[in-house]
Amino acid sequence: CKWGDGGQGKSKELNHETLDEELAEIKESLARNLDIISSAFNYFSVTGVEMGEASFSMSLNQYTVFLKDAEIPDRRSKTSKQQDCDMAFVATNYEEEVDTSKKMTARERRESQMMN
């Protein structure tokens, strides 16, 4: 199943029960394939890494190579084109910048927000 459309560009009618079933199926598949998923992550996370770089994470380029090798992107799918996969990578790796130079107490933050 590719992102809920069975890889065929067909979408099921979405309801709470269908989503719960899909989630259970995904969890079961991930648990069943954890060893191979972990091995693939470890392999692709160290490819293209220079000395001193973090080898426990995966860059977008490494992720793209993994996707192509695993034949995951599907141009015919409504939800798993290369662009969709890239957006999923970016969304799951987003880190909000925190300005530590402006530490405020909770009260100061609330007062600041009220003034804006």
Looking only at residues that are polar (S, T, N, Q) and either farther than 26 Å from SER59 by Cα or touching a Cys at 6+ places or on another chain (Cβ under 6 Å) (or both) in region 14-41, which one is least open to solvent (accessible area, probe 1.4 Å)? THR18
Subset of region 65-84, residues of a type in the set (D, E, K, R) and open to solvent by 40 Å² or more (accessible area, probe 1.4 Å), comes to LYS68, ASP69, GLU71, ARG75, ARG76, LYS78, LYS81
Could you please give the count of residues in region 86-105 that are under 17 Å from SER57 (Cβ atoms) and either open to solvent by less than 80 Å² (accessible area, probe 1.4 Å) or at pLDDT 75 or above (or both)? 8
Pairs with Cβ under 6 Å, 6+ apart, first in region 59-81 and in contact (Cβ under 8 Å) with a residue 12 or more places away in the chain, second assigned to a helix (DSSP H, G or I) and open to solvent by less than 40 Å² (accessible area, probe 1.4 Å): LEU60/PHE89; GLN62/PHE44; TYR63/PHE89; PHE66/PHE44; LEU67/CYS85; PRO73/LEU67; PRO73/CYS85
For the condition assigned to a helix (DSSP H, G or I) and modelled with pLDDT of 70 or more, what is the one hit in ILE26, ILE72? ILE26
Output the number of residues of region 45-64 satisfying the condition of being over 15 Å from the mean Cα position of the chain (by Cα) and either at pLDDT 80 or above or surrounded by 12 or more Cβ atoms within 10 Å (Cβ to Cβ) (or both). 5
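The values are calculated or read from the model by the stated rules, or taken from the named source; none is laboratory data. Here the structure is a predicted model, which is why all the values come from computation and not from measurement. Every residue, glycine among them, receives a Cβ derived from its backbone with ideal geometry; neighbour counts consider all protein chains shown. Calculation scope for accessible area: heavy atoms of the full protein, side chains included, ligands and nucleic acids excluded. Shrake-Rupley method; radii C 1.70, N 1.55, O 1.52, S 1.80 Å.
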